[in-house]
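Read-outs throughout are calculated quantities, based only on the coordinates presented, and are distinct from any laboratory measurement. Just so you know, these numbers come straight off a predicted model, no measurement behind them. Here the Cβ is made from the backbone with ideal geometry for all residues, glycine too, and neighbour counts use every protein chain on show.
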Amino acid sequence: MKPSTLLTAGLLSLAPATAFAHPHIFVEARLEVVAAPDGSIQELRNVWRFDEVFSSSVVMDFDKNTDLKLEPNELAEVGKTVRDSLSDYDYYMNLTIDGKNVKVEKPDIIHVDYKDGQLLMFFAVKPVEKMPLKGKLTFGVYDPTLYTSIDFPTDNELAMVGDGFNACKHAVVRPDADEVISENKQSLTDAFFNDPTGTNMSKLFATRLEITC
């Protein structure tokens, strides 16, 4: 598979069924949930750092002048590719308010850098509808096929920004995979066979920030 195809396929999660439980791309992430002055969610700021193997494949394909690095215009092309390709997948954002899913708007731009052999992406997204700081809100980042493993190295990488959160309680939830499988075995099996290329059931495995206001 050409690296450009890998980039699109990986980030779009267009992987074969066997990839459901076998990540091929590894990302260390940071998510900042920002409160607006009016007491709602303003935006979600993302930082993604990709593994060296995947990063090198992107360099191979987007390095048009073959100087073994990515120039500003080449980095911009990577960002544009990801911005366009992930729109249908809501940029892997998982937002809920009192159990209701909330989608996000397309980011204005995805900034891309390449440092120490790793690809980095920086971008912010906004909810398509107002999310007041009331009730229970959850925020996570996950690939529904598990083709891309998105990991938050520490709980501090899921952060709240803004005075609006002062009256809220929060917790970082890291589900135990064995417990999730045990408790949802039948529904996971049914969901997988109904749609082996991806199922929302995979969000049960995702690390998330839960905020109660």
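Okay, here's what the table says:
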item: Euclidean distance of C-alpha centroids, the stretch 110-141 and the stretch 24-53, integer Å; result: 3 Å
item: Unsatisfied cross-links (Cα-Cα over 24 Å) in the set K64/K115; K69/K126; K64/K126; K64/K106; K130/K169; K100/K130; result: K69/K126; K64/K126; K64/K106
item: Listed peptides 94-104, 160-170 by packing density, highest first (mean Cβ within 10 Å); result: 94-104, 160-170
item: Gained length - E129 relative to D98, 0.36 nm times residue gap less alpha-carbon distance; result: 9.8 nm
item: Furthest towards positive pole of dipole, T138, M121, I150, structure part the stretch 39-186, Cβ charges; result: T138
item: Estimated distance in nm for a label pair at D116 and T66, the labels positioned 7 Å out from Cα along Cα-to-Cβ; result: 3.1 nm
item: Computed label-point distance, nm, for sites Y89 and A36 using a 7 Å Cα→Cβ extension; result: 2.8 nm
item: FRET E, pair N166, R45, Förster distance 22 Å, beta-carbon r, rounded to 0.05; result: 0.70
